[in-house]
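The structure appears right after this line, and notes come after that.
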Amino acid sequence: MWLRLAALALGAVFALGQPPFDLWWIAFSALAGVFAISRFSDTPRAAAWIGWLFGSGYFAVSLHWILEPFQVDAAATGWMAPFALVGLAAGLALFWALAFWLGRKLAPGAMIIAITWAAAELARAYVLTGFPWGLVGYLWSATPVAQWHSLFGPHGVTLITLVLAAAVAQTFATRAWFKAAAVSAGLAGLWFGGTALTPPEADHENRPVVRLIKPNAPQHQKWDPAQIPTFFNRQVDFTAQLPKPDLTVWPETAVPNLLHNAETALGIIAEAAAGTPVVLGIQRADQNRYYNSLVTLDETGATDQLYDKHHLVPFGEYMPAADIFARFNILGLATRAETGYSAGPGPALIDLGDIGTALPLICYEAVFPQDVNGTSNRPDMLLHITNDAWFGTRAGPQQHLQQARLRAIEQRLPLVRAANTGISAMIDPAGRITASIPLGRAGFTDAALPEPLSASLYSRTKDMLALALLIFSLATVLMLKRRESH
């Protein structure tokens with residue numbers, strides 16, 4: 001029993017490595033701790049319990065912000081909140097339970113579990129549309145170690161993190177202190193190597209200027225007819241300010257009308273922009289289908305480019321098995337119809353003229369490294385528009401920003417981020433925030449667009465390099481285990 005309680009507690013402590021805490025040293029210690037106690041599990045089933053409880057504790061604490069969307073209309077959906085958190089935490093923890101079970105099944109020892117765990121994290125990014133929020137390797141996001149994402153991507157960094165944590169646990173368990181120097185060297189190399197990989201700060205003089213618009217409309221007021229004019233006019237006023245930038249970006253679903261009914265509103269926006277290109281989020285309908293979209297406006301307010309969000313939020317923007325859930329009056333939280341939004345065709349670039357090409361990412365899409373790698377042509381920037389009002393005012397928006405920063409590092413591209421209530425920011429290819437509008441504040445900021453860097457190794461190899469490292473590591477450890485047994 002004590003093993004299971006310790007695993008649950010260590011999982012909760014491991015969550016302190018995520019924003020808003022960013023206590024990476026505590027999180028890494030908890031990670032080494034669960035490897036240490038896993039050696040007391042003498043069967044695959046016992047190991048699975050440790051992995052599941054550790055994961056349940058981690059996801060319950062790190063994803064506690066998932067309670068927030070259900071409080072927007074608490075009378076109708078508040079009762080779902082605890083079930084959503086417990087169900088999500090327990091469900092995601094099954095990936096880790098499987099990793100511990102399989103690792104113990106293949107061979108005893110922490111190192112094999114580290115490799116199967118990294119494989120489970122890779123699977124979590126893809127299975128059932130994927131949910132790679134809070135990957136193990138993200139505990140380093142506030143440190144120089146995050147720069148390794150540009151080489152190995154998030155799954156490669158996760159593998160390295162787990163292997164080092166397992167090595168620490170094995171060193172203490174076996175008291176093989178002569179190995180401590182090697183483990184310490186590995187951790188130091190991870191840290192100082194990240195520092196060496198960090199690109200120097202660039203001079204942004206003569207770079208295009210982008211205006212980020214933030215209305216700060218709380219979700220419970222966002223679609224209130226009495227409040228809509230306030231938020232819309234606020235964005236128009238921010239857009240009209242002088243001097244004019246080279247590009248103005250409004251956040252996700254920033255316009256209160258559906259696209260086919262928005263001619264007047266878009267004309268007002270274009271007039272305020274006075275010839276400046278505008279990118280904004282808007283919903284649209286097409287043959288009884290609804291889309292969460294991004295459009296660019298020309299100087300007359302006409303739509304000249306359109307992108308439909310393709311990676312939708314399950315149970316938020318659409319309902320799996322919608323007919324079944326509808327019988328119980330359970331609909332998606334952010335949907336406009338019983339079946340929810342429809343998905344767009346996939347990642348695509350938009351042309352912003354002299355500013356360059358951009359890869360649009362609408363809200364949830366910035367969570368998926370593989371989506372950012374989804375186009376054949378490399379863009380000049382990443383363009384992230386988001387609402388974030390569903391995520392509350394603390395952990396959710398900060399974790400969302402964390403992942404946007406990592407996408408910039410992985411691609412070595414600047415990322416332009418316009419949020420409604422979250423953190424709007426200009427992020428350079430090293431993941432530095434060069435300008436921002438903080439949580440809970442309406443406003444705008446004009447920021448120079450950093451210059452893109454050369455394509456990173458990860459942008460060229462995608463997740464194939466991490467997969468190759470996983471296969472090589474697994475084969476190597478199994479071979480060594482067999483030699484030990486002979």
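None of I427, I471, I433 is at pLDDT 95 or above and outside the structural domain of D371 (by TED's automatic domain parsing) except I471. Would you confirm whether any residue within the stretch 379-389 is part of a loop (DSSP other than H, G, I, E, B), over 17 Å from the mean Cα position of the chain (by Cα) and on the phi < 0 side of the Ramachandran plot? Taking every residue of the stretch 379-389 in turn, at least one turns out to be part of a loop (DSSP other than H, G, I, E, B), over 17 Å from the mean Cα position of the chain (by Cα) and on the phi < 0 side of the Ramachandran plot. Scanning the stretch 297-312 for residues being small (G, A, S) and under 15 Å from T248 (Cβ atoms) gives a total of 1. Looking at A76, A46, A99, just one residue is in a helix (DSSP H, G or I) and either in contact with an Asp or Glu (Cβ under 7 Å, 6 or more places away or on another chain) or more than 22 Å from F172 (Cβ to Cβ) (or both), and that residue is A76.
When only residues in the stretch 414-440 that are in contact with a helix residue (DSSP H, G or I) (Cβ under 8 Å, 6 or more places away or on another chain) and among the hydrophobic types (A, V, I, L, M, F, W, C) count, which is nearest to S456 (Cα to Cα)? The qualifying residue nearest to S456 (Cα to Cα) is A430. Of the residues F35, F28, F14, F70, only one is surrounded by fewer than 23 Cβ atoms within 10 Å (Cβ to Cβ) and modelled with pLDDT of 95 or more; which? Result of the check over F35, F28, F14, F70: F28. Name the strands (runs of 3 or more DSSP E) wholly inside the stretch 421-468 in which the number of residues that are closer than 30 Å to A114 by Cα is 3 or more. Once the strands (runs of 3 or more DSSP E) in the stretch 421-468 are filtered for at least 3 residues that are closer than 30 Å to A114 by Cα, nothing remains.
This table checks each residue for (1) more than 30 Å from L31 (Cβ to Cβ); (2) modelled with pLDDT under 95; (3) over 26 Å from the mean Cα position of the chain (by Cα); (4) of a type outside the set (A, V, I, L, M).
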position: W191; (1), (2), (3), (4): no, no, no, yes
position: P215; (1), (2), (3), (4): yes, no, no, yes
position: T230; (1), (2), (3), (4): yes, no, yes, yes
position: V249; (1), (2), (3), (4): yes, no, no, no
position: A254; (1), (2), (3), (4): yes, no, no, no
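Tallying residues that are part of a helix (DSSP H, G or I), modelled with pLDDT under 80 and surrounded by 10 or more Cβ atoms within 10 Å (Cβ to Cβ) within the stretch 174-189 yields 2. Considering T445, T421, the condition of being modelled with pLDDT of 95 or more and surrounded by fewer than 23 Cβ atoms within 10 Å (Cβ to Cβ) is satisfied by T445 alone.
The values are calculated or read from the model by the stated rules, or taken from the named source; none is laboratory data. In this text, all values refer to a predicted model and were calculated from it rather than measured experimentally. Please note: Cβ atoms are built from the backbone with ideal geometry, for glycine as well, and neighbour counts cover all protein chains shown.
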